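The values are calculated or read from the model by the stated rules, or taken from the named source; none is laboratory data. Keep in mind it's a predicted model, so treat the numbers as computed, not measured. For neighbour counting, all protein chains shown are included, and Cβ atoms are generated from backbone atoms with ideal geometry for every residue, glycine included.
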Amino acid sequence: MSQKKVDLALELFRNYKTGFIKKVKPVVTERTSTPGDPTLISDVLTNLVSDRQWESGLAEGNLFAQWEKVVGSDIATHTTPISILDGVLLIQCSSTAWATQLQSVHDQLVQTISSSAPGALVESLRFTGPTAPSWKKGIRTIRGARGPRDTYG
């Protein structure tokens, strides 16, 4: 098979000019067995996860789903994992006291999470307290004002 060289910049310019975008066909992988041979569903799912590079995403999802098993029931009742971004796990605590106490055992908690959820890529933890409602709502807010109660006296 001969491959035709394509100037990517020229192709993008033509697509922009005409408004037509050519759909890219998916790459067909080579089959190792003949069609119709039975395959274990676990093998199919394992290949799907590795082909699409979903390992870390599945590990993070498992960490969130099994949070109580990973950190224990005492900590799990007062904390909720929020997100993982660039190796930092954001955890919301039920009070600022819990956030302060968990900050003191930060390193031990990171080791526990890393050993219980391999592949989740948690390097650091960030604890936040409970969120309070914001008084800054609507399009007519004034910067620096106290909020909706600033005219009451």
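The table for this structure:
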read-out	value
Residues (crowded, with 18+ Cβ neighbours inside 10 Å and over 20 Å from the mean Cα position of the chain (by Cα)) located in the stretch 60-77	ILE75
TRP135 vs. criteria at pLDDT 90 or above and either in contact with a helix residue (DSSP H, G or I) (Cβ under 6 Å, 6 or more places away or on another chain) or part of a loop (DSSP other than H, G, I, E, B) (or both)	no
Any hit, the stretch 101-108, residues being at pLDDT below 90 and over 16 Å from the mean Cα position of the chain (by Cα)	no
Candidate set: the stretch 93-108, residues that are in a helix (DSSP H, G or I) and in contact with a Phe, Trp or Tyr (Cβ under 6 Å, 6 or more places away or on another chain); chosen: the one surrounded by the fewest Cβ atoms within 10 Å (Cβ to Cβ)	GLN103
Unique residue being under 30 Å from VAL122 (Cα atoms) and modelled with pLDDT of 65 or more when the list is GLU30, GLU55, GLU11	GLU55
Close pairs from the stretch 29-55: first on the phi < 0 side of the Ramachandran plot and surrounded by 10 or more Cβ atoms within 10 Å (Cβ to Cβ), partner modelled with pLDDT under 80 and acidic (Asp, Glu), Cβ under 6 Å, at least 6 apart	none
Residues of the stretch 41-92 classified as over 23 Å from THR131 (Cα atoms) and in a strand (DSSP E or B), total	0
